[in-house]
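Here the structure comes first, spelled out in structure tokens, and everything after it is commentary.
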Amino acid sequence: MTRTDLVLGVAVACSVGAFATNALAEEDAHRVRHVPPTIIEGSHTSLAFEVADLDRLGRIVVLVRGPRRRQPTLVRVERTEIGWVAILPPHLVRAPWIEYWVEERLDGDRRRPVFASAAAPHRVQVIEREDERREADALAVRGGRESLIVLRGEWVDFGRRRVRALPQRFADRYYRVEASYGYAFFAFVEQIRIGVGTVRGESVDVDALVAPPGVPPPEGTDTDVGVDYGVGEITWYLHELLRVRTSALFGFSQDGFEVGGGADLVIGRDQGTTLTLGGELVGRLGMTGKLRLEWWTVPRFPMGAQVEVTTFPSGSDPGVRLLYDVAWAMYPGALLRLRGGYQARTSITGGPAIAAEVQLAF
């Protein structure tokens, strides 16, 4: 074999190899096709794909980032009734732009670029509507989570009080436990919540103490009180700095069917500095009025101070409560809150209050 024949053989082999490689690359490239948009209007966005050769197909993912998110968020391409799509969460699609690239994840750690790349992503202009911008802002605060579970419990002790000239002292305390589920719409109806709860306590019916000094009180003056109830609540969005919460309560006590409800006016931004003025009525247990200030000036550790005037749990003469709480934001939308305080029914009797609350968003 001459040198010329050897060179020609090597050239032919390289050409055949290059042709086979290009053919395989072209074949792989045609397994997933995507036509990218250049402008997105609104935050509800899906990206469409054409997929072939399902037997050899790996997991197709879209990696999205924006001006506020330098680390990409992974979104899977799923097969739906209208084809293969990747639905981008609204809180990711924010003005003025997003950029993304597409990869196929194969066995092990192997990855194959499908469209664009991390070094050269495809950028899309985003035009937001005002209502969708607000929804995206609210979702971003919760990390894209729309559901919320809340568990709370509270112990309140007004001390053992002496009523009028009677020699004995009466217990004046209660506890309250409540569990609820909420779902956020981020529209005019911002959130709905449903829950169940119970209140148990000891109290004294001041109105029943009509006996003269030194005479034992009538039967039933020192009583156990309690209500088991269900509650429904709606948060209404009026303005970026103004919300109204309304609730209705239905339950049963030792006296029969009970009804109640409440309303709060909330001034300020969610997870910012807010002022809440509100009140609640729970059947024969009584009513409560409150003024609360909450602030998020320390990252991940919101705090609040609250003043209450309440007739709980007897529904008779009012007491005053001073409360302070500190919370830990475990992750966006999730809180662990601890509260302590002091309350008094009269100028000479009072006691402590402790409470805990867990909020889990998903």
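The values are calculated or read from the model by the stated rules, or taken from the named source; none is laboratory data. Quantities reported herein were computed from a predicted structural model and do not represent experimental measurements. Glycine gets a Cβ as well: all are built from the backbone with ideal geometry, and neighbour counts include every protein chain shown.
Overview of values
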read-out: Subset of the range 110-124 that is surrounded by fewer than 18 Cβ atoms within 10 Å (Cβ to Cβ) and among the aliphatic types (A, V, I, L, M) - its residue that is nearest to I192 (Cα to Cα); value: A118
read-out: 3 or more residues among the basic types (K, R) and either under 19 Å from G333 (Cα atoms) or in the same structural domain as L281 (by TED's automatic domain parsing) (or both): qualifying strands (runs of 3 or more DSSP E) within the range 97-200; value: 147-162, 169-184
read-out: Residue satisfying condition, being more than 20 Å from L238 (Cα to Cα), β-branched (V, I, T) and touching a residue at least 24 places away in the same chain (Cβ under 8 Å), within set V282, V298, V266; value: V282
read-out: Number of the condition not met by L277 [criteria: (1) within 23 Å of A184 (Cα to Cα); (2) surrounded by 14 or more Cβ atoms within 10 Å (Cβ to Cβ)]; value: (2)
read-out: R345 being over 26 Å from G230 (Cα atoms), modelled with pLDDT under 95 and touching a Phe, Trp or Tyr at 6+ places or on another chain (Cβ under 6 Å); value: yes
read-out: Matching residues, the range 254-274, being of a type outside the set (A, V, I, L, M), under 28 Å from S316 (Cβ atoms) and touching a Leu at 6+ places or on another chain (Cβ under 8 Å); value: E258, G260, G261, G262, D264
read-out: Hey, Y331 among the hydroxyl-bearing types (S, T, Y), more than 18 Å from the chain's Cα centre (by Cα) and either within 20 Å of E154 (Cβ to Cβ) or modelled with pLDDT of 90 or more (or both) or not; value: no
read-out: The range 147-188, residues that are surrounded by fewer than 17 Cβ atoms within 10 Å (Cβ to Cβ) and either under 12 Å from the mean Cα position of the chain (by Cα) or among the basic types (K, R) (or both); value: S147, I149, R160, R162, R164, R169, Y181, Y183, F185
read-out: Among the residues listed as S180, S203, the single one being modelled with pLDDT of 90 or more and of a type in the set (G, A, S); value: S180
read-out: Test: residue in the range 78-93 that is in contact with a Leu (Cβ under 6 Å, 6 or more places away or on another chain), of a type in the set (V, I, T) and within 18 Å of L139 (Cβ to Cβ); value: no
read-out: Any hit, the range 125-144, residues being surrounded by fewer than 18 Cβ atoms within 10 Å (Cβ to Cβ) and more than 30 Å from the chain's Cα centre (by Cα); value: no
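For (1) among the charged types (D, E, K, R); (2) in a loop (DSSP other than H, G, I, E, B), each residue gets a yes or a no:
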site	(1), (2)
V35	no, yes
A48	no, no
R65	yes, no
Q71	no, no
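One line per residue, one yes/no per condition, for (1) closer than 21 Å to V126 by Cα; (2) modelled with pLDDT under 55; (3) under 26 Å from the mean Cα position of the chain (by Cα):
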position: R3; (1), (2), (3): no, yes, no
position: A25; (1), (2), (3): no, yes, no
position: P37; (1), (2), (3): yes, no, no
position: I40; (1), (2), (3): yes, no, no
position: T45; (1), (2), (3): yes, no, yes
position: P67; (1), (2), (3): yes, no, yes
position: Q71; (1), (2), (3): yes, no, yes
